[in-house]
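Worksheet for the structure shown next.
The values are calculated or read from the model by the stated rules, or taken from the named source; none is laboratory data. In this text the structure is predicted, and so the values were computed from the model without any measurement. Virtual Cβ from ideal backbone geometry, glycine too; neighbours counted across all protein chains shown. Each accessible area value is taken on the protein alone, full model and side chains, heavy atoms only, with ligands, DNA and RNA left out. Shrake-Rupley method; radii C 1.70, N 1.55, O 1.52, S 1.80 Å.
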Amino acid sequence: MFSTITAAPAKQSVGETITVLSGRLSSATLLEDRRAAILGLRSFAKEYPASVASGALRSLIGSLSKDGEDVDTVKVVLETLLMLFSPNQDSPEASEEIALWLADEFTQRQENITLLLDFLETNDFYSRLYSLQLLLAIHSARTERTEICVFTAPLGISRLVSALDDRRDAVRNEALTLLTYLTPSSPDIQKLVAFSNVFGRVFAIIAAEGSLSEGDRVVEDCLILLANLLRLNPSNQSLFREEGYIPHLAKLLESTYHSGKGGEEDVALWAQEQRNRNIYALLAVIRLFLVPGAVGTPQNQAAFWQHGVLYHALQLAFSHDAEMTIRAEALTACADTIRGNAKLQETFAQLQVPSVLDEVPPAAAAAANGQVGKADSIPAVYVIDGLLDLTLSVPTVQAFDLRLAACQCIKAYFYNHPQVRLHFLRRAIDGHESGVDETANVLTTLLRPSNDRSPVDPYRHWFAAVILFHLLFDNAEAKALAMEVTEGDAKSGEEVVTSIQTVAAHLISGLARVGDERISVGYLMLLIGWLYEDLDGVNDFLGEGSNIQVLAQEAVRHNPSSSIVRGLCAMLLGVVYEFSTKDSPIPRSTLHSVLATRMGRDKYIDSLAQLRSDPLMRDFEVLPQKSDGAGNLPDVYFDATFVDFFKDNYSRMVRAIDRDPGMEISVVANGIQKGISREMVDSLRAQLDEKERALQGALGDIASLNGKLGQEQADHRRTKEASAAELARIRNVNEAIQQHHEQEIKEIEAQQRLKNEAYQQQLKTVQKEASAAAEAIHAEYRAKEAEAQRQLEQVRKSAETEAARAQRRWDAEMADLRATISRLEVDLMKANKAKTEELQAARKESTAKLSEEESKTKAAEKRRLDVEKQLSQRDKELKECQSQVREKEEQRSATQGELDDLLMVFGDLEEKVEKYKKRLIEAGESVSDGEEENEEEEGSDDDDEDDDSKTDGVD
């Protein structure tokens, strides 16, 4: 009985199961069967993504189109596709190539992306959420293709933007994330998103999430989306400005420092960090509107001033509750707002901010988080004073970024505005000379430093030097104004020292005691920018000869850590030598010898080369100019403007030591250096004096000659009067002679008139005879030509007729021959049945007839040749007729030549007439106009006749 029990069925493998489910999905007709197959595939998607994708991917996508009306089926399909994009990492089939393969299947078919976007029109939560997540996964794998497909899909961008209005946070956040990933690099998508009313939706989301202070990561994502849409996109910025969203930025900024006035002890650390990230992102968005040199920057600056963005950013920057990084970024935004805008620069100084000097107690300055304590009542100061206090009077290392941003804001205040720059400098000079406000005065800081031999804050002097460098750089008026500042009271017997010598003395003192390099670097940058192209400043600097010796010694000192200082010392020496003169306290020749002996050319060039290759100089543009956050002094040594100045003039400074001491620098025009030799100038001046003396002698000689000239003119006047009287007498004699010759001239004219009439009559006769002869020749020629043409045509027709007749005769004979041959062939076929003798006889008979016919053919051929000979004879006759025609043409040409000869005779006669007229005129006789007109009329009549004759000749 046990033999009847069957064996258990074989266990089906995973691959076979997936194959069966894939086949069922593609072939099932019932919705329930397809849904069951999809559920089965979903159970394998995490562990076997490659098998499911290879067997059922297209069927799954097709099910979205076929069963799109069924919400449950769409949900399962989208879940399965998402699982394929993110399988288990422990799966043996897990690979990054699967995501690329899946993304290719979607992006290579536009309808697949459009299908996913269509699900955004439904109200189903999972359809919208999973479609957005799937689009995000596809975009992560194939970014560029996905952007193209979404952009070209009908209403694709509009559907994504509309998803931001979904009240379900999950769908809205996914749409926000997807838009954030779609917009960083595509200007077309940026414009399309911006023109879909996305700005209003973003600000609505920010407000709904609690604004900057209480908002979570969603607020930051909204600001990142705004940054993507506005970065380097003038059209979107213009749309943002014109639709009135600038006040929204101002309102958000205002909430940042008002909301922070309460205590923050109860706020979680992560919430504080998220708040700071939100504020920093907002400031980054504001700075995108203020890119230097961009098209819409001036309009954006004016809008920010009008709607209070600048004011609120400034209040945030001086808020005692905000973190240092936030305050520094706010000051940077303020600097960008006023830089290069003259109107804003002039009104900026009228704003007021909280004083930073009242952030006491001092112990709070050393707090680990870099924040400063707050007081209950903080006085307000004008913004420039507050910026100077912040730059020069806050010595903490943690506040470096804030101080640097304040310095940038001060530089932006007088950037490219000479009037504001001079006003700022005059205020500094007045404050320095009055002894008031010494703490935040750049001149006082530089000219009267503290006696502390190891200053805790080297950047106080560095910032003061940088600000003064920008005040004086490339401004001759500001340099002259600063040179007037002196130290010492002459009335009290103190030595008066100029500002340049004072700065140089502090520099030499700092180099001697080997203090912080940043102070020396600040002084060196200031002196280099001050003395460049300033001959008076160079002479003032050379008034203290020991400066050159110390700088030369420092430039050749072997200390790898001071390559920056050594290079700057070498550059300062190069600037001094380049713009020194023969009249300098240390002449150029002496200065050149000192540099050559103390430094040498090789060490001078090597010091400059090491400075240029130093990473802090070479990589300045890419290195972060900020503190490291560890409490150490930052590696910030240079100013951006000085770095550009050094790199632009490096080659010139390298060549400076090779310049001949006798060649001085005068001007630099259009980047071309032009020099003059002082020895040559002195020589030219001596020559000029000599020429001046020679000129005075020449002027005396001219006065003497003028007297002689007056005498000569009087003699000439008397001679002229005598000549006029003699001329009148001669004129009277001439008139008498003229009257005597008038009768003779009339007689000659009458004779000439008779001769001309005879000549004209003779000429007309000759022309008529020539015309008649030419007409007769032409008539004869035309008759002979017509006759020859007629004969030629007759011969041609006769020859053609004869040839046609011979051809017809020959064709008839050939037809007869062919008929005879055919008949003979028939007879021959009949004779084949007869006897051999009869056949031979018939053959002989046919052969005889054939030979006879051949003879006839030969005779016909001979007749054809005779006809051809006749035709050739006719051709010869035709050629003879043509030769006769050519002879007639030659006769006509000869006649025309005779006519031309007659015309030449007529021309000679006219020339003779003209000669007679000239002779009459030379003899003093005049020819009347009437005679000339008669002659011209007669000549015109003759010309008309000549034209008629020529026309006849041509005809």
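Checked against (1) surrounded by fewer than 18 Cβ atoms within 10 Å (Cβ to Cβ); (2) out of contact with any Leu (no Cβ under 7 Å at 6 or more places or on another chain), T581 passes all but condition (2).
Exactly one residue out of A313, A333 is surrounded by 22 or more Cβ atoms within 10 Å (Cβ to Cβ), touching a Lys or Arg at 6+ places or on another chain (Cβ under 7 Å) and at pLDDT 95 or above, and it is A333. Among the residues of the stretch 176-200, those that are touching an Asp or Glu at 6+ places or on another chain (Cβ under 7 Å) and either at positive phi or of a type outside the set (V, I, T) (or both) comprise L176, L182, S186, F199.
Residues are listed down the side, and each one gets a yes or a no for (1) surrounded by fewer than 21 Cβ atoms within 10 Å (Cβ to Cβ); (2) under 38 Å from the mean Cα position of the chain (by Cα); (3) more than 19 Å from S562 (Cα to Cα):
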| position | (1), (2), (3) |
| --- | --- |
| Y577 | no, no, yes |
| P585 | yes, no, yes |
| S589 | yes, no, yes |
| A596 | yes, no, yes |
| M599 | no, no, no |
| I605 | yes, yes, no |
| A609 | yes, yes, no |
| S613 | yes, yes, no |
| L616 | yes, yes, no |
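Confirm whether D660 is open to solvent by 80 Å² or more (accessible area, probe 1.4 Å) and modelled with pLDDT under 90. It is true that D660 is open to solvent by 80 Å² or more (accessible area, probe 1.4 Å) and modelled with pLDDT under 90. Return the residue satisfying two criteria in turn: it lies in the stretch 133-155 and is open to solvent by less than 20 Å² (accessible area, probe 1.4 Å) and farther than 15 Å from D188 by Cα, and of such residues it is nearest to the chain's Cα centre (by Cα). Among those that are open to solvent by less than 20 Å² (accessible area, probe 1.4 Å) and farther than 15 Å from D188 by Cα, it is H139.
Taking the condition closer than 21 Å to S140 by Cβ and surrounded by fewer than 17 Cβ atoms within 10 Å (Cβ to Cβ), does D165 pass? Let's see the steps before the verdict.
Numbers: closer than 21 Å to S140 by Cβ: no; surrounded by fewer than 17 Cβ atoms within 10 Å (Cβ to Cβ): yes.
No: the conditions fail for D165.
From the list A94, A45, the lone residue that is under 16 Å from Y130 (Cβ atoms) and at pLDDT below 90 is A45.
For the stretch 498-538, a residue qualifies if it is modelled with pLDDT under 90 and touching a Leu at 6+ places or on another chain (Cβ under 9 Å), and the qualifying residues are L511, D516.
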